[in-house]
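In what follows, a single structure is set out as structure tokens and then discussed.
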Amino acid sequence: MASTSASALPSSDSPALKFKVVATQGRARSSRMTLPHYTAATPMFMPVGTQGSVKGLTTAQLTELDCHVILGNTYHLENRPGSELVAEMGGLHGFINWQRGMLTDSGGFQMVSLLHLAEITERGVTFQSPIDGSAMLLTPEQSIAIQNRLGADIIMALDDVVPTTTNDPARFEEATHRTTRWIDRCISAHSRPTEQNLFAIVQGGLDTRLRQISIQQLMERDLPGYAIGGLAGGESKDDFWRVVAQCTHPQTGLPAGKPRYVMGIGYPLDIVVCSALGADMFDSVYPTRTARFGVALVPEGVLKLKNAAHAKDFRPLDATCDCMVCKNYTRAYLHNVVTRGIASAAILVTYHNIAYTQALTRRMRAAIEEHRFPDWVRDYLRTMFPAGDVPGWVRDAMAEAGVDLAGVATEQPAAGAGAAADTAAPKSARAEKRAAGRARGPVGATET
């Protein structure tokens, strides 16, 4: 797999963001993104602190775990404590005592998650507050004004989000073009362009024509960065990776010199696949939420600590992990606190799961920079799928990314993998079943 010489590596220089790709191998890239508060390295996983706090962890622990950027949610933060109060306390960085990068989403995701409480029009989105039932109108202008007060390094445009499982082509057409109209309103409303970076969000559902329209229209706005939205909503994994591949395509995708953010992605295997395809940034509540149910992320997949088999297991969660949980606690102890519902259980497993995601992306960056990324991917998949039963969608995605899985996967990629992004290869019944299963839950091959 060829790598790119340093002199040819893409970069961009925006008023509040400098982005430089430092190494590539195939479509995968390792980059540095200089933000007003921190220089982050990508590929990067960003833990989600919906209301300004990552559940179970302090900001000191997040720093200890070497998290570069964390997320806050505009809709929830405006509901309480309110962006004006946060602004009075120095913005989110001062409010939560966090000195590294921050990203706030626009509130658009609540169109999906709170759809039964929302009405979407050209003007914006009217939500019924789940707290007190009051109406809250969120327009592109108001979303940006709230985010300007919150003061995050990266702010997201309000977009019209439609679940990928929706069977309404006209609704996707409407949402794609409305997202473009709304980005223009967001740009006009943005009052701190030299301090905060406005990212646009590509929409279009699973329709390759609409996705390409969205890519082209948003690129014309020449923003500091771009996100791939509307995924992780129940679509098949085969559809999922093809949308990412289209948006990161070297010739027709989002600009190589700017960060590419796949929203809502937290399963480790998804992060590896998207990184191989050329994406840079990922976020999800999955690692922290699954920790609260006693599920730990490990190289083999996931470890369900409630299982009785762990009651007398004196091994650490992950022998390859150097986090304080793996250094100091056994599976037997964690089984005990998880099954008894002791509060420290969620804290310990959350700490480990965030340590796992940070180590995963750190190892990918090192592999890309040392030009051994395909070998790293093969080793990763051998550990997760020791029987060689790598899911068909992963095989096809890796073929598109130029990573040869010979000797790792027992089946060959479907005919057509690696071709144009809008060409969907036929899937076997077995591959369909795997894809559906992966879409519903954790992707690990081993659940013990």
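Descriptive notes on the structure:
One line per residue, one yes/no per condition, for (1) outside the structural domain of ILE154 (by the TED database); (2) over 26 Å from THR176 (Cα atoms); (3) open to solvent by 20 Å² or more (accessible area, probe 1.4 Å):
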site: GLY229; (1), (2), (3): no, no, no
site: GLY233; (1), (2), (3): no, no, yes
site: ALA245; (1), (2), (3): no, no, no
site: PRO250; (1), (2), (3): no, no, yes
site: LEU297; (1), (2), (3): yes, yes, no
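- None of LEU218, LEU198, LEU223, LEU206 is open to solvent by 10 Å² or more (accessible area, probe 1.4 Å), in the same structural domain as VAL262 (by the TED database) and in contact with a strand residue (DSSP E or B) (Cβ under 8 Å, 6 or more places away or on another chain) except LEU223.
- Qualifying residue in the stretch 9-25 (condition: at pLDDT below 95, in contact with a helix residue (DSSP H, G or I) (Cβ under 8 Å, 6 or more places away or on another chain) and open to solvent by less than 60 Å² (accessible area, probe 1.4 Å)): no
- Scanning the stretch 261-280 for residues that are outside any helix (DSSP H, G or I) and more than 21 Å from LYS55 (Cβ to Cβ) yields a total of 6.
- Test: residue in the stretch 206-217 that is farther than 21 Å from ILE70 by Cβ, modelled with pLDDT of 95 or more, in contact with a Ser or Thr (Cβ under 7 Å, 6 or more places away or on another chain) and assigned to a loop (DSSP other than H, G, I, E, B): yes
- Condition broken by TYR333, with the remaining ones in (1) open to solvent by less than 10 Å² (accessible area, probe 1.4 Å); (2) aromatic (Phe, Trp, Tyr); (3) in a helix (DSSP H, G or I) satisfied: (1)
- Qualifying residue in the stretch 257-269 (condition: surrounded by fewer than 21 Cβ atoms within 10 Å (Cβ to Cβ) and assigned by the TED database to the domain that holds ARG32): yes
- Residue ID - farthest from LEU137 (Cα to Cα), chosen from residues in the stretch 31-54 that are open to solvent by 50 Å² or more (accessible area, probe 1.4 Å), in a loop (DSSP other than H, G, I, E, B) and out of contact with any Gly (no Cβ under 8 Å at 6 or more places or on another chain): PRO36
The values are calculated or read from the model by the stated rules, or taken from the named source; none is laboratory data. Bear in mind the structure is a predicted one, so any value in this text is a computation, not a measurement. Don't worry about glycine lacking a Cβ; one is built from the backbone with ideal geometry, like all the others, and counts go over all protein chains shown. Just so you know, the surface numbers come from the protein's heavy atoms only, side chains and all, with ligands and any DNA or RNA stripped out. Shrake-Rupley method; radii C 1.70, N 1.55, O 1.52, S 1.80 Å.
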